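A short write-up of the structure that comes next.
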Amino acid sequence: MASQSPVWFITGASSGFGQSIAFEALRRGHHVVATARSSSSLNALAEAGAHVLNLDVTASEDVIEANLKQAHDFHSRLDYIVIAAGYVLEGACEEASAKEVFDQFNTNVLGAIKVTRAAIPYLREQRSGVIANFGSLSSWNGNPATGFYNSTKWAISGFSESMTAELAPLGITATCIEPGMFRTGFLNAGRRISTERRLHDVYATGAEKTRAVLNEKNNKQQGDVEKGARITVDVLTGTGVGKGKKIPVRLVLGSDCLDVIRGKCESTLELLKEWEDITVSTDHDDMK
């Protein structure tokens with residue numbers, strides 16, 4: 001029997017935004033299918049009424065498709081796909097091994113793409129639904145020691161923006177949630193994975209400074225994840241602060257993220273102005 005309440009499918013629901021969004025949706029009487037690599041980490045959500053599944057987003061497409069089918073069959077529909085699984089790889093470019101780089105992209109980017117691809121057929125059949133990927137403040141700036149994480153979040157931002165245009169004719173909305181630094185366990189030990197190799201020379205100084213900043217911010221981030229989750233559910237469902245508003249192509253959360261994006265836009269405009277004459281000089285003469 002088809003569900004009368006909205007159904008959420010959430011990856012990375014064992015902690016952080018994924019968990020908080022799941023609890024917020026449950027509080028509103030919605031159905032939630034919460035997933036994580038180990039469903040034992042989802043006991044609190046299960047007790048709150050969520051249907052929980054084991055799902056490693058690095059699994060094969062067949063496995064992920066089977067998980068989406070199981071979730072769909074359980075409630076006979078899917079409405080909100082929230083892809084929150086991810087982690088930070090710390091290390092300068094030279095410090096990281098090829099496998100460490102692949103693993104970072106495999107989780108943060110390829111995992112999101114596989115879940116999106118598996119969800120689209122169900123949403124297309126309904127001609128409705130929302131896919132929300134998680135970008136970051138790191139979608140907008142690059143830092144020593146987190147260059148590969150930054151790269152994955154830039155990729156997710158571009159992928160989500162493309163999906164916004166591609167899926168709109170099917171009645172499906174895609175968006176990228178871009179939070180700043182929120183007080184979750186994201187920077188805790190076990191969630192931050194350092195490269196096995198460490199270079200202790202001048203080259204690695206910038207990376208060490210970034211690590212120090214992350215250590216300093218850990219558990220002192222200014223963002224409130226409960227507020228962020230509440231806003232996110234409002235916006236995706238068109239209720240509360242999202243009532244009467246179209247879901248944006250990117251949902252920016254946190255004043256620190258706002259500052260970074262505004263600064264990036266301003267500096268980019270300045271760069272374009274400085275180099276405009278040279279930029280346009282490369283056009284064919286018959287195009288002038």
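The values are calculated or read from the model by the stated rules, or taken from the named source; none is laboratory data. Just so you know, these numbers come straight off a predicted model, no measurement behind them. As a convention, Cβ positions derive from the backbone with ideal geometry for all residues, glycine included, and neighbour counts pool all protein chains shown.
Things worth noting here:
- Scanning segment 1-36 for residues that are surrounded by fewer than 17 Cβ atoms within 10 Å (Cβ to Cβ) and either among the polar types (S, T, N, Q) or closer than 22 Å to Gly86 by Cβ (or both) yields Ser3, Gln4, Ser5.
- From the list Val130, Val109, Val88, the lone residue that is closer than 20 Å to His31 by Cα and not small (Gly, Ala, Ser) is Val130.
- Identity of the residue in segment 140-176, touching a residue at least 60 places away in the same chain (Cβ under 8 Å) and assigned to a helix (DSSP H, G or I), that ends up farthest from Asp103 (Cα to Cα): Thr164
- Which numbered condition Leu78 misses (of (1) touching a His at 6+ places or on another chain (Cβ under 8 Å); (2) surrounded by fewer than 22 Cβ atoms within 10 Å (Cβ to Cβ); (3) within 20 Å of Glu166 (Cβ to Cβ)): (2)
- Being within 16 Å of Asn143 (Cβ to Cβ), modelled with pLDDT of 75 or more and either in contact with a Pro (Cβ under 8 Å, 6 or more places away or on another chain) or among the small types (Gly, Ala, Ser) (or both) is a property that Gly180 has.
- Of the residues making up segment 233-288, those that are among the polar types (S, T, N, Q) and either assigned to a helix (DSSP H, G or I) or under 20 Å from Trp140 (Cβ atoms) (or both) are Thr237, Ser255, Ser267, Thr268, Thr279.
- When residues in segment 244-267 are screened for being closer than 21 Å to Thr164 by Cβ and modelled with pLDDT of 95 or more, 13 of them pass.
- Selection count, segment 37-49, where residues are surrounded by 22 or more Cβ atoms within 10 Å (Cβ to Cβ) and in contact with a helix residue (DSSP H, G or I) (Cβ under 6 Å, 6 or more places away or on another chain): 1
- Where Asp103 falls short, out of the listed (1) modelled with pLDDT of 95 or more; (2) out of contact with any strand residue (DSSP E or B) (no Cβ under 9 Å at 6 or more places or on another chain): (2)
- Apart from one condition, Phe159 fits all of (1) surrounded by fewer than 22 Cβ atoms within 10 Å (Cβ to Cβ); (2) touching an Asp or Glu at 6+ places or on another chain (Cβ under 6 Å); the exception is (2).
- Within segment 197-211, the presence of a residue that is surrounded by 13 or more Cβ atoms within 10 Å (Cβ to Cβ), modelled with pLDDT of 95 or more, touching a Gly at 6+ places or on another chain (Cβ under 7 Å) and at negative phi is excluded.
- Yes/no for Ser15 being touching a residue at least 60 places away in the same chain (Cβ under 8 Å), farther than 22 Å from Thr239 by Cα and of a type in the set (Gly, Ala, Ser): yes
- Positions within segment 83-141 being under 14 Å from Leu68 (Cα atoms) and under 15 Å from the mean Cα position of the chain (by Cα), in sequence order: Ile83, Gly111, Ala112, Ile113, Lys114, Val115, Thr116, Ile131
- A Cβ distance below 8 Å, combined with a sequence gap of six or more or placement on separate chains, defines the contacts here; from segment 244-260, residues that are more than 18 Å from Val82 (Cβ to Cβ) reach residues that are modelled with pLDDT of 95 or more and surrounded by fewer than 17 Cβ atoms within 10 Å (Cβ to Cβ) in the pairs Gly244/Gly238; Lys245/Gly238.
- Against the conditions (1) surrounded by fewer than 23 Cβ atoms within 10 Å (Cβ to Cβ); (2) assigned to a strand (DSSP E or B), Ile131 satisfies every one except (1).
- Every residue from segment 8-51 that is over 19 Å from the mean Cα position of the chain (by Cα) and closer than 25 Å to Lys114 by Cβ: His30, His31, Ser38, Ser39, Ser40, Ser41, Leu42, Leu45, Ala46, Ala50, His51
- A single entry from Lys264, Lys246 fulfils the requirement of being under 20 Å from the mean Cα position of the chain (by Cα), surrounded by fewer than 11 Cβ atoms within 10 Å (Cβ to Cβ) and under 21 Å from Ile156 (Cα atoms): Lys246.
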